[in-house]
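Trainee: Take a look at this one; I'll ask things after.
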Amino acid sequence: MGGFIGMNIEVVRGLFQKWMELVQKLADIITEGTAQTQEANDAWNGKDSEQWLDEWTNTHLPALKQIQEAMQALGDALNANIDQQQQTSDSL
């Protein structure tokens with residue numbers, strides 16, 4: 001480990017932007033998955049379709065939303081750390 005302590009703000013700010021892009025991609029997947037599931041359900045009736053829709057709605061969708069919320073919280077924490085480091089650096 002080198003002698004560097006602290007944060008390269010510009011690098012981490014760039015990584016934060018990439019992280020938030022991932023959060024948005026996951027939100028897009030959730031939206032698209034829900035739309036595709038509804039579209040399939042509209043064209044498919046019966047016990048199998050109900051089970052398939054139920055699995056999306058009650059298992060996979062909540063899990064994806066939980067992951068998205070966790071990733072958003074990590075992004076928020078990263079952004080707060082960037083701001084804190086910027087304030088610290090500006091005060092030196």
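Trainee: Return the residue satisfying two criteria in turn: it lies in the stretch 81-92 and is among the polar types (S, T, N, Q) and surrounded by fewer than 11 Cβ atoms within 10 Å (Cβ to Cβ), and of such residues it is modelled with the highest pLDDT. Show your work before the answer.
Mentor: So the first thing to find is which residues in the stretch 81-92 are among the polar types (S, T, N, Q), and the list is 81, 84-89, 91.
Within this subset, residues satisfying the condition of being surrounded by fewer than 11 Cβ atoms within 10 Å (Cβ to Cβ) are 87, 91.
Working: Gln87: 92, Ser91: 87.
Per the stated criteria, the residue is Gln87.
Trainee: Then there's this: Across the stretch 16-38, which residue is surrounded by the most Cβ atoms within 10 Å (Cβ to Cβ) among those that are without any contact (Cβ under 8 Å) to a residue 60 or more places away in the chain and closer than 12 Å to Gly75 by Cα?
Mentor: Val23
Trainee: If a residue must be under 28 Å from Met20 (Cα atoms), among the polar types (S, T, N, Q) and surrounded by fewer than 13 Cβ atoms within 10 Å (Cβ to Cβ), how many such residues does the stretch 39-80 contain?
Mentor: So the count comes out to 3.
The values are calculated or read from the model by the stated rules, or taken from the named source; none is laboratory data. Given the structure is predicted, the values throughout are model-derived calculations rather than measurements. Positions of Cβ are generated from backbone atoms using ideal geometry, with glycine treated the same way; all protein chains shown enter the neighbour counts.
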